[in-house]
Amino acid sequence: MKLLRQVSLYFREGRSDKVYEVDLCEVGADSTGAAQCVVNFRYGRRGAALRDGTKTPAPVSQAQAERIFSELVKSKTDKGYREQSAAGSPVADTPTSTSEPPPRSAMLDPRARAVLSRINAGHESDSPYKLSRAVWRAGEMRLQEAEPLLHKLLGTGDVQLDYSIAWSLGRLGTPVSAAALRALQADRSRPYMIRRIAAISLLEILEPDAKSKAIVSYISQLPDALAEPARQGPAEAFESALQSHLQDAKPSAYAVLDVAYIINNEHVRPALLNLIRECPLEPNYFQRLRHIFKAAELRCDGEVYGILARRFEKVRGNVNSKTWSFRYELVKGTGWRYQYKPKENPMAGPNATMAYSHATRLYLRKRVWRTLQRLGEIGMANEFVRLATGVLADFTDDDAQRAYESSQYRPTGQRWQYERVPIYYDRLHSYWALSKLLYGNSRRYRFETDKHRLNCYREANTPQAAPTEREEAFPQLWDQVPKALLHLLDESRLLEVHQFAVKALRASREFCRELDIPALLMLLRAPYEVTVELGFELAVTRYDATNPDRDLVLALADCGYQRGREQACKWIDLQRNLFLADTSFAAALAAASHQDTRLFARGALKLVTFVERAAQALIARLVAVLQPLGEDETQRASDVCQTLREVFGDRMR
């Protein structure tokens, strides 16, 4: 194999430091003696093992390979990659780069440099920018340059700073930080919160083999009744054992929930997810849920983060914290004088008798959005989209509230005169993070925040219908991870999420063009017309009359979009014998969930002549379809029976 051309590209922005290498290689010649070539590529993070692939599954002509090579390089340079080196000699003689890219520190944006500068200054700085906040910010930005600086700051005795360092090392650290995190975790003189977050961070930076060994050691820390199902499974056995362990247990017994989330394997996670969804936000449970919430934030575990974010939005606080804050106490030796003294906090400590106050709930609701907003502002696309997808996917139409109209009084500009302005609260108005994600850039909606309320509302002079422009927060980040939009369309059961995801997905035209057939089938089977319409448009562009995909046509014929069903019926009519010769296709069409499709199928089947064997096979399939139909599908069953009588009546006697 001879290397004809090679380009090495690099991309550096913020925390990103990626390389992309493209090779054009001659691999032989065809029967006429013309050169046959391939175009291969490698990509990944600088210094890590690169993943490889090819743009030519089979060798092509040199001219075609040159075109593929140039298009690939151009597509990457258009996205911000810069050329680092080039080569044009046999593979064995490939030269090294002749020009080194600028150092990574020089490529950092001003915000990252400011964070590093504050951390480097340490405790000696008189800056109002708190050191622990700068450390936390470095973790959010995954600034690897901060790793050696954080090691120097450990052991100062500042609990908040040590916690921030342990958290940030889990985000930006490498295996070099494993020793420091192990020391934090093992130091019993440190608060439990630091040891707990150090354990989570340690697993985030370990190599796979070391991580597996660490998880085995954590499983051994579980009670015997939990250790075996956590090690061997199944998940149902661990869930049953966990329920038994927590039933009428002492407060200290709930610490297994922290360990379970550290383990987080395929046997433990399903039980933990079910518990997080259902357990009461009360003492013993709530303290551990709060720990898990912060660990999920560190791990960017969107599923757990979304479940808890929804619960904080929907479950009201248990207690008003002001009711226990102070008490009057008699001052000894002063007669009947009393003084105002603070009470002991009933929500603090391992034996707390109260949990999840109204103030705590408000804080957590704000924190969910604040975390997402901070990730969005610094351009952390993968982390933002992962957490945002978790939040959006967990809400459903059942969570929708009653929409209502209210009003606000605003000054007219004249002294002592006000005017009444009608405002509307739509069905998602009280879900703060959800509304911010969906309407963060909307011109229709406004957001009100005060000491007690977080709401989203629409003024009377704004249209109710969604505009053509996108309204979601940080649309540029969603454009970088369009697969997440497809995941939302598959998982979400909330209309507003589908409306947002479809609008955003339409902007990623290249991604839509490359969707495979299973993805199109998923879109066509979605429960919302807006999503099915997108699937229909993509199916029309993908349809090949010379080699039609039967699954695609069948899904379109039975979709929830009338134009799509009509188009599928036209395709079937044009090649009726080809489609209906497949008895499984014909039976599914005749028993479709939409009546107009069933009536079309009946008419089409009457125009086809079936041999006896095919007719009997189709009759058997239709009879099999009838058997599982319930009482709420009588019309469907009646139509199938009518089709059997009209098309195969003579054969069934």
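The values are calculated or read from the model by the stated rules, or taken from the named source; none is laboratory data. In this text, all values refer to a predicted model and were calculated from it rather than measured experimentally. When we count neighbours, we look across all protein chains shown, and the Cβ atoms used for this are built from the backbone with ideal geometry, even at glycine. The area values use the complete protein model at the heavy-atom level, side chains included, leaving out ligands, DNA and RNA. Shrake-Rupley method; radii C 1.70, N 1.55, O 1.52, S 1.80 Å.
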In degrees, nearest ten, helix 482-491 long axis to first principal axis of the chain (Cα): 80
Label point distance in nm, Arg113-Lys79, each placed 7 Å from Cα along Cα→Cβ: 2.8
Karplus-derived HN-Hα couplings along the stretch 351-364 (A = 6.51, B = -1.76, C = 1.60, θ = phi - 60°), whole Hz, x at Gly and Pro: 9, 4, 9, 10, 7, 6, 6, 4, 5, 5, 4, 4, 4, 5
Label point 7 Å beyond Cα of Asp158 along Cβ direction - residues of the stretch 256-299 with amide nitrogen under 14 Å: none
Note, ³J(HN,Hα) from phi for the stretch 154-162, Karplus 6.51, -1.76, 1.60, rounded to Hz, x at Gly and Pro: 5, x, 7, x, 7, 4, 5, 5, 4
Phi-based couplings in Hz for the stretch 27-42 (Karplus 6.51, -1.76, 1.60; Gly and Pro marked x): 10, x, 9, 7, 5, 8, x, 6, 5, 10, 10, 10, 10, 10, 9, 9
Built amide H within the under 5 Å cut-off of Asp17, gap 5+: Arg46
Accessible area in square angstrom per residue, the chain, 1.4 angstrom probe: 51
Shape category assigned to the stretch 370-452 from the gyration tensor of Cα positions, a/c cut at 1.5: oblate
Rounded, prolate or oblate (a/c below 1.5 giving rounded, otherwise prolate when a/b exceeds b/c) for the chain by Cα gyration tensor: oblate
Fraction of accessible area attributable to carbon and sulfur, the chain (%, probe 1.4 Å): 49
Rounded to 10°, Cα long-axis angle of helix 595-606 versus longest principal axis of the chain: 20
